[in-house]
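What follows is one structure encoded as structure tokens, with my remarks underneath.
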Amino acid sequence: MQHMNSVSILVMNGPNLSRLGKREPEVYGKRTLDDINRGLAESFPDVSFEFFQSEDEGALLEKLFHCEDHGGYRGVVLNAGALTHYSIALRDAISAVSIPVIEVHLSNIYAREEFRRTSVISEVCQGVISGFGPNSYHLGVRGLLVMLEES
Ligand code: DQA
């Protein structure tokens, strides 16, 4: 829902996150991405959200650039999925924009397989939240709002 003078935030999800609810529920939980997005909209009625998911790295980069150039967005909450661990293109895109990006993960990537313990995007994100399930997104939005208030 649009609110006058509300803060606009993009919540962006990368590959395989469209499968939440069905995908490895023992790791990622039973809630779908729609459930999570609905929960965010309900919890933060004063925020104007856009939700975007793509399986495609290029589409995520283009969305980020669109937000930077046209959107009026104040920040991005990003779960980049597996791209987190290897996408230098995504890292460079985050570096290239001035809007703050908060990295979030449902699972605690530091308590999982070795290859997940490296994030190539953390260094260029404003903050990282990992391991709180769907609440990682809530904490990401909350952190972003606090950061914006203080800036
Ligand atoms: C994830 C963790 C990644 O390692 C994985 O590739 C995902 C989801 C998470 O939210 O816990 O797709 O980003």
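For the reader, a short list of remarks on this structure follows.
- Note, ³J(HN,Hα) from phi for the range 102-117, Karplus 6.51, -1.76, 1.60, rounded to Hz, x at Gly and Pro: 9, 7, 10, 9, 5, 8, 7, 5, 7, 10, 10, 4, 3, 5, 7, 7
- The label point for E50 and the one for N135, both projected 7 Å from the Cα toward the Cβ, are 3.0 nm apart.
- Taking 0.36 nm per residue of separation and subtracting the current Cα-Cα distance, fully stretching the chain between K22 and E57 would add 10.4 nm.
- Separation of the range 10-75 from the range 105-127 is 17 Å, based on Cα centroids.
- Gained length - H70 relative to R31, 0.36 nm times residue gap less alpha-carbon distance: 10.9 nm
- Other-chain or far-sequence residues with amide H under 5 Å of N108's (modelled H): G131
Values in this text are rule-based calculations from the coordinates and carry no lab data. These numbers were taken from a predicted model, which means no experiment stands behind them. Note that each Cβ is placed from the backbone with ideal geometry, even for glycine, and that neighbours are counted across all protein chains shown.
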